[in-house]
1. Collect the residues in the stretch A:90-102 that are more than 17 Å from residue A:157 (Cβ to Cβ) and at the interface with chain B (Cβ under 10 Å from one of its Cβ atoms), keeping them in residue-number order.
2. Determine the pairs where a residue that is touching a residue at least 40 places away in the same chain (Cβ under 8 Å), located within the stretch B:37-65, has a partner that is more than 8 Å from DNA strand C (Cβ to nearest atom) with Cβ atoms under 6 Å apart, the partner being 6 or more residues away or on another chain.
3. Hey, any hits in the stretch A:84-95 for a residue that's within 16 Å of DNA strand C (Cβ to nearest atom) and either outside any loop (DSSP other than H, G, I, E, B) or buried (at least 19 other Cβ atoms within 10 Å of the Cβ) (or both)?
4. Looking at (1) open to solvent by less than 10 Å² (accessible area, probe 1.4 Å); (2) in contact with a strand residue (DSSP E or B) (Cβ under 7 Å, 6 or more places away or on another chain), which one does residue A:124 not meet, given that it meets all the others?
5. Out of curiosity, is residue A:323 assigned by TED's automatic domain parsing to the domain that holds residue A:193, of a type outside the set (A, V, I, L, M, F, W, C) and out of contact with any strand residue (DSSP E or B) (no Cβ under 6 Å at 6 or more places or on another chain)?
6. Across the stretch A:292-315, what is the number of residues that are over 19 Å from residue A:99 (Cβ atoms) and assigned to a helix (DSSP H, G or I)?
7. Could you count how many residues in the stretch A:144-161 are closer than 17 Å to residue A:308 by Cα and either assigned to a strand (DSSP E or B) or open to solvent by 10 Å² or more (accessible area, probe 1.4 Å) (or both)?
8. Condition first: assigned to a helix (DSSP H, G or I) and among the polar types (S, T, N, Q). Now tell me which residues in the stretch A:188-237 satisfy that.
Number of protein chains: 2
Amino acid sequence: MVQPGDNPAERPKAAVMEDVAELAGVSAMTVSRVLNTPEKVRPETRARVLAAVRELDYRPNSAARVLVTGRSGALGVVSFDTILFGPASTLYGIERAARENGYLVSIASLPALTRRSIAEGVDRLRSQSVDGVIVIAPHESAGEGLRHLPAGLPVVDVGGAKDVPVPVAAVDQHAGAVRATRHLLSLGHRTVWHLAGPPNWVESSGRLKGWREALEAEGREVPVPMVGDWTAHSGYEIGKRLAREDGMTAVFAANDHMAMGLLRALREVGRRVPEDVSVVGFDDVPEAAYFWPPLTTVRQNFGEVGRLAFQLLLDRIGGVEGDTRRLVEPELVVRESTGMSS
Amino acid sequence: MVQPGDNPAERPKAAVMEDVAELAGVSAMTVSRVLNTPEKVRPETRARVLAAVRELDYRPNSAARVLVTGRSGALGVVSFDTILFGPASTLYGIERAARENGYLVSIASLPALTRRSIAEGVDRLRSQSVDGVIVIAPHESAGEGLRHLPAGLPVVDVGGAKDVPVPVAAVDQHAGAVRATRHLLSLGHRTVWHLAGPPNWVESSGRLKGWREALEAEGREVPVPMVGDWTAHSGYEIGKRLAREDGMTAVFAANDHMAMGLLRALREVGRRVPEDVSVVGFDDVPEAAYFWPPLTTVRQNFGEVGRLAFQLLLDRIGGVEGDTRRLVEPELVVRESTGMSS
DNA sequence: TTCCTGAGTGTTTGCGATAACAAGTGATGG
DNA sequence: CCATCACTTGTTATCGCAAACACTCAGGAA
């Protein structure tokens, strides 16, 4: 038996369950019970054990626990472009929900958005024994990547395409685009142009479709959409072309940053917003209210999406089946970049 | 011995090392060696084992490995406000560096920035057996939180105050502020006003100090700094007051979003930028070039900070001692929001 | 021949926790 | 007065892997 003192080196190794047990005068099993099912231990014993835990600053070793229980209390998030407002906010929502439920979050950000790298990200997380994985990869290729998953690993997708074979939490992009478009039509504009997001992004398609259908439902002409890449820069470049279009009085931009670039392009060619052209964005980034002019946009509650995704995953981990699809309603925020058609 | 088929239920349990060993006709130890020290195994044996690994889609169980080796190949990040551009970018930089080095990242975001919650975040990560922790908590109170750390856990701080008792990776805020201020003075402005960040944030103090010292070094009058909270909203509110100041021709805002609010406030009272007032921001958020006018600002290379922080942590894990302090130089990006004093 | 060397492989043990089962206590009831 | 039960606590086995040590077998040195 190794006694304290046998070892001349004075490295204060972290206490283990046995140490706590010894100090409290019980068996290790009782310590385990105090930590996991306290109601099964006599109050006095429990108190003694807890005192010992505090005195030794004992922390259960999660690796050992994982090994025997098969559950880690950690979930993984596979994501792309966590610097963007949307993914970052979603991640934050997930993290908060996880924390409140005693879960820890590991992240695997992707170098690129391909089936391969998604599968690889899931794998890296799986090898860390996460209890489940949330994928934030709003690209149509994600569906592919999610089709060949290790069996038995609960996976939830955020903002996924329709055919994703796992539960999905997302903002209703279509509804948001419809709202934005109708808002512009209701101000008297003959039709609405669209500054779309990059192809094959789930949000791009959803917003494009919503915009088109809203126009068609009213029998309006559907202009050719212009395609950007989410950046203010692309909004600016495209905006310069768009600004030359005759009769263009209303634009629905697929996100706020492109709308920002567009605003600048319009200003540079002397088209006033909202007097000459109305602009609607999408996202409601915190600074949208301070654009010039303050941007009318569609607010997405990313935090709520994160919370829903976590809840779905928790259900899955708990054994609930079924390919659920949970949608969050976006909200139109009217500011000063939209006005009556003149 | 349990044979495949003993169990009527057809749950395809994940393969373990023993399964691979059996299929390859070797012992489990040899499999372990193939995975960890391949050069110690005869090539033919190695090939047989690797084939078996692939056939069974075997993944080592990291919990078991952690238990026996004491190292997890995961690091933790404690952070606050991961939605903001700075922390999000830093986190991304860390994640990328970690991935390239085979590390996984767990995050513990803080509900508030206090000594208590920092300590708690570190604890949550420690209980997951991370090999080390990076703290992104640019608040002066972080120093306190870092003073009482579990012994033996390598910790690195990002953007920390001077007295933080652990290695630090950060952008040289002071130098950035000096550069911004000198730039304005060099344009002929008599002095420079400052729209500061919230008190007790490391960045706020660093930028404030740099600004003040740059003015003092030239013997200029030092106006009373106005204090915001990083948001465009606060920049706008304060900007409305600032705009009434007589003789105010140059402002250094402590971040781009406050500068954005300031730009709007100036416009509203009819002061032109840069003709009447010059404005410099800090951060160079991707959309800064599309502000109206395009914002002169100080670019921080957050990705580089993340990389350095990871490197420092890796050194620490490897046993390197010493309280290193690694600074990244910021860069002044001149755009159109600054001009000669009229 | 005998011994040694070292590359390659196998066996045993233990990391720290929990599951499953065992056992001790006192109370209950027939 | 003893069987039985509920409650509390202890004992043993096990999770999957790697460290430490043991073994085998060639080829070369003595």
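The values are calculated or read from the model by the stated rules, or taken from the named source; none is laboratory data. Fair warning: this is a prediction, and the values are worked out from it, not measured in the lab. Glycine also receives a Cβ, built like all others from the backbone with ideal geometry; neighbour counts cover every protein chain displayed. Accessible surface areas use protein heavy atoms only, side chains included; no ligands, DNA or RNA. Shrake-Rupley method; radii C 1.70, N 1.55, O 1.52, S 1.80 Å.
1. Restricting attention to the stretch A:90-102, the residues satisfying the condition of being more than 17 Å from residue A:157 (Cβ to Cβ) are A:92, A:95-96, A:99-102.
Result: A:92, A:95, A:96, A:99, A:100, A:102.
2. As it stands, the answer is B:56/B:15; B:56/B:19; B:56/B:20; B:58/B:15; B:58/B:20; B:59/A:127, since those pairs meet every condition given.
3. no
4. (1)
5. So residue A:323 fails the test.
6. Selection size over the stretch A:292-315: 0.
7. 7
8. Of everything in the stretch A:188-237, those that are assigned to a helix (DSSP H, G or I) and among the polar types (S, T, N, Q) turn out to be A:204, A:205, A:234.
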